[in-house]
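Beneath this line is the structure, given in structure tokens, with notes to follow.
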Amino acid sequence: MSAPISNVRPAPDSVLVDIVDYVLDFPINGTLALDTARNCLIDTLGCGLEALTYPACTKLMGPIVPGTIVPNGAKVPGTSFQLDPVQAAFNIGAMIRWLDFNDTWLAAEWGHPSDNLGGILATADWLSRSAIAAGKQPLTMKDVLIGMIKAHEIQGCIALENSFNKVGLDHVLLVKLASTAVVGQMIGLTRDELINAVSQAFVDGHALRTYRHAPNTGSRKSWAAGDATSRAVRLALIAKTGEMGYPSVLSAKTWGFYDVLFKGNEFKFQRPYGSYVMENVLFKISFPAEFHAQTAVEAAMTLHAQLAANGKRVEDIRKITIRTHEAAIRIIDKKGPLNNPADRDHCIQYMIAVPLIFGRLTAADYEDSIAQDARIDVLRAKMECVEDAQFTKDYHDPEKRSIANALTIEFNDGSTFDEVVVEYPIGHKRRREDGIPLLVEKFKTNLARRFPVKQQLAILDVSLDQARLEAMPVNEYVDLYVI
């Protein structure tokens, strides 16, 4: 007969404690982290504004009960909605992620740390408006930037060594975790309450990756992060009531996260929490494409120009070899029919074919009107992905963190083009000098989609000035984006 399990309540798992102590106590003063966070903020909001031009996204916007307006609630940028912070977080998070164009973090686990802005901005705006109504001081945008840095760090550092996708779980689990920790601090949870909140994030139900992979790829992948960051706000508010937590949620035998969902393995950590992730985050600047294909798209754009310069057509191509890394093969190497835009922006062959044919890759190129061009599927069928072991090694190397792809075209007449290799995409830290001016232009383009010129200039005036932005009350900044 086995010994009974002790019912003595254990001390909290160290993973919970480390997250909470970081959020509560770690100072963020680095210029690089804060400046990168500002660029991340404007890029993320810009992605959301572009998404609002797509009815598939806007049908999910607004309150749960139509017509509901929340006094002192959080406003949703680019709209006229003012909502409770939970629903506002869903709205902001969904529009941010809809077009797969916001920042990316690649490691053992993949993800988009700016997804956390949904919960962070909604909570900060709600708190600020409530504070003003009570005659108190609002939060500033520096508080938002610091929250972004810390959410990026929690999500990214856990992702470095721990693959949730390999056990079938989606990376938005880390959005829920990071947002819970940061939002909990923002609403004033005590240390014990914040540990309780973070434990609730782990004990919660977690999304499967079903909606990211064939044969079920679908649009839930565009609102899953909004759902996660929204749930985080809810869990933090529940903890605020004094609701208990679960200290060994990770390590409890049989019933804990490790045994139930992580094949009995404990989390591994490469580095302590600081500001590393924000400083090294990857921006999607030129193409709304799953990040493992960004360099492949850059290479395809180069080859498109070579085709024109050499009098060649895509119909002359016999074979395209894609030399790539293991993660790309696992996620976006896809044969057969592609059923919707979400399916297409997770297919490396599609993301290469479109620029080879048209010399571009935009969000609109994933829509049915473009996908019905028969040349795309003909070209896809001629492509083969081959793993390069060095590319995979460099992908995981913390000193490189490359996302390399190389394309070779062979023609029907037996001739070839020299292989085009791109190791680091334009949004990589190693290419910041080239990338940030383009990021700003992307932001300007997205502002113009939604606002008249005077409003665009008012937003730009403060958004491109680090000191002014940091000092600005959150509610005043969000009001700049109201329709």
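Restricting attention to segment 193-209 and to residues that are touching a residue at least 24 places away in the same chain (Cβ under 8 Å) and over 15 Å from L16 (Cβ atoms), the residue that is surrounded by the most Cβ atoms within 10 Å (Cβ to Cβ) turns out to be A207.
In segment 53-66, which residues are in a helix (DSSP H, G or I) and surrounded by 19 or more Cβ atoms within 10 Å (Cβ to Cβ)? C57, the sole residue that qualifies. Exactly one residue out of I92, I69, I64 is of a type outside the set (D, E, K, R) and out of contact with any helix residue (DSSP H, G or I) (no Cβ under 8 Å at 6 or more places or on another chain): that is I69. Just to be sure, is T302 surrounded by fewer than 24 Cβ atoms within 10 Å (Cβ to Cβ), within 28 Å of V440 (Cβ to Cβ) and among the β-branched types (V, I, T)? Here the answer is yes, as T302 does meet what is asked. Looking only at residues in segment 9-43 that are open to solvent by 50 Å² or more (accessible area, probe 1.4 Å) and outside any helix (DSSP H, G or I), the one that is nearest to V198 (Cα to Cα) is P12. Checked against the criterion of being within 22 Å of P138 (Cβ to Cβ) and within 19 Å of the chain's Cα centre (by Cα), the candidates L52, L45, L60, L24 yield just one match: L45.
If you go through segment 98-114 and keep only what is touching a Leu at 6+ places or on another chain (Cβ under 9 Å) and closer than 20 Å to A88 by Cα, you end up with W98, N102, P113, S114. All of S128, S114 fail the test of being open to solvent by less than 50 Å² (accessible area, probe 1.4 Å) and over 24 Å from the mean Cα position of the chain (by Cα), apart from S128. Each residue in segment 100-109 was checked for being closer than 13 Å to D43 by Cα and surrounded by fewer than 24 Cβ atoms within 10 Å (Cβ to Cβ), and 2 of them qualify. Filtered by the rule that a residue be touching a Lys or Arg at 6+ places or on another chain (Cβ under 8 Å) and assigned to a loop (DSSP other than H, G, I, E, B), segment 115-139 gives a lone residue, P138. Evaluated against (1) surrounded by 19 or more Cβ atoms within 10 Å (Cβ to Cβ); (2) touching a residue at least 12 places away in the same chain (Cβ under 8 Å), S251 falls short on exactly one condition, (1). Filtering segment 258-277 to residues that are within 20 Å of T104 (Cβ to Cβ) and charged (D, E, K, R) leaves only R271. When D418 is tested against the conditions (1) part of a helix (DSSP H, G or I); (2) surrounded by fewer than 18 Cβ atoms within 10 Å (Cβ to Cβ), the lone failure is (1).
Among the residues of segment 85-99, none qualifies, meaning not one is buried (at least 23 other Cβ atoms within 10 Å of the Cβ) and on the phi > 0 side of the Ramachandran plot. Number of residues in segment 67-84 that are open to solvent by 30 Å² or more (accessible area, probe 1.4 Å), of a type outside the set (G, A, S) and in a loop (DSSP other than H, G, I, E, B): the value is 7.
Criterion first (surrounded by fewer than 16 Cβ atoms within 10 Å (Cβ to Cβ) and hydrophobic (A, V, I, L, M, F, W, C)) does A406 satisfy it? It is false that A406 is surrounded by fewer than 16 Cβ atoms within 10 Å (Cβ to Cβ) and hydrophobic (A, V, I, L, M, F, W, C). Of the residues that make up segment 433-453, is at least one at pLDDT 95 or above, surrounded by fewer than 16 Cβ atoms within 10 Å (Cβ to Cβ), in a loop (DSSP other than H, G, I, E, B) and not assigned by the TED database to the domain that holds L127? Yes, segment 433-453 contains at least one residue that is at pLDDT 95 or above, surrounded by fewer than 16 Cβ atoms within 10 Å (Cβ to Cβ), in a loop (DSSP other than H, G, I, E, B) and not assigned by the TED database to the domain that holds L127. Identify, please: which residue in segment 382-401 is in contact (Cβ under 8 Å) with a residue 24 or more places away in the chain and either in a loop (DSSP other than H, G, I, E, B) or open to solvent by less than 20 Å² (accessible area, probe 1.4 Å) (or both) and is, among those, farthest from R323 (Cα to Cα)? In this case the residue turns out to be P398.
Does F411 meet the test of being open to solvent by less than 70 Å² (accessible area, probe 1.4 Å) and in contact with a helix residue (DSSP H, G or I) (Cβ under 6 Å, 6 or more places away or on another chain)? Yes; evaluated as a whole, the condition is true for this residue. Looking only at residues of segment 260-271 that are in contact (Cβ under 8 Å) with a residue 60 or more places away in the chain and in a loop (DSSP other than H, G, I, E, B), we find that the one that is surrounded by the most Cβ atoms within 10 Å (Cβ to Cβ) is F262.
Among the charged types (D, E, K, R), in a helix (DSSP H, G or I) and surrounded by fewer than 24 Cβ atoms within 10 Å (Cβ to Cβ): is that true of K142 in this structure?
Yes.
Selection of segment 172-192 for residues being on the phi < 0 side of the Ramachandran plot, in contact (Cβ under 8 Å) with a residue 24 or more places away in the chain and either part of a loop (DSSP other than H, G, I, E, B) or assigned by the TED database to the domain that holds K334 (or both) yields I187, L189. A single member of A289, A308 is outside any loop (DSSP other than H, G, I, E, B) and more than 17 Å from L16 (Cβ to Cβ), and it is A308. Listed conditions (1) within 28 Å of the chain's Cα centre (by Cα); (2) among the polar types (S, T, N, Q); (3) exposed (fewer than 14 other Cβ atoms within 10 Å of the Cβ) are all met by N280, apart from (3).
The values are calculated or read from the model by the stated rules, or taken from the named source; none is laboratory data. Please read all numbers here as calculations on a predicted model, not as lab measurements. With ideal geometry, Cβ positions are generated from the backbone for all residues, glycine too; neighbour counts draw on all protein chains shown. Side chains included, ligands, DNA and RNA excluded: accessible areas come from the protein's heavy atoms. Shrake-Rupley method; radii C 1.70, N 1.55, O 1.52, S 1.80 Å.
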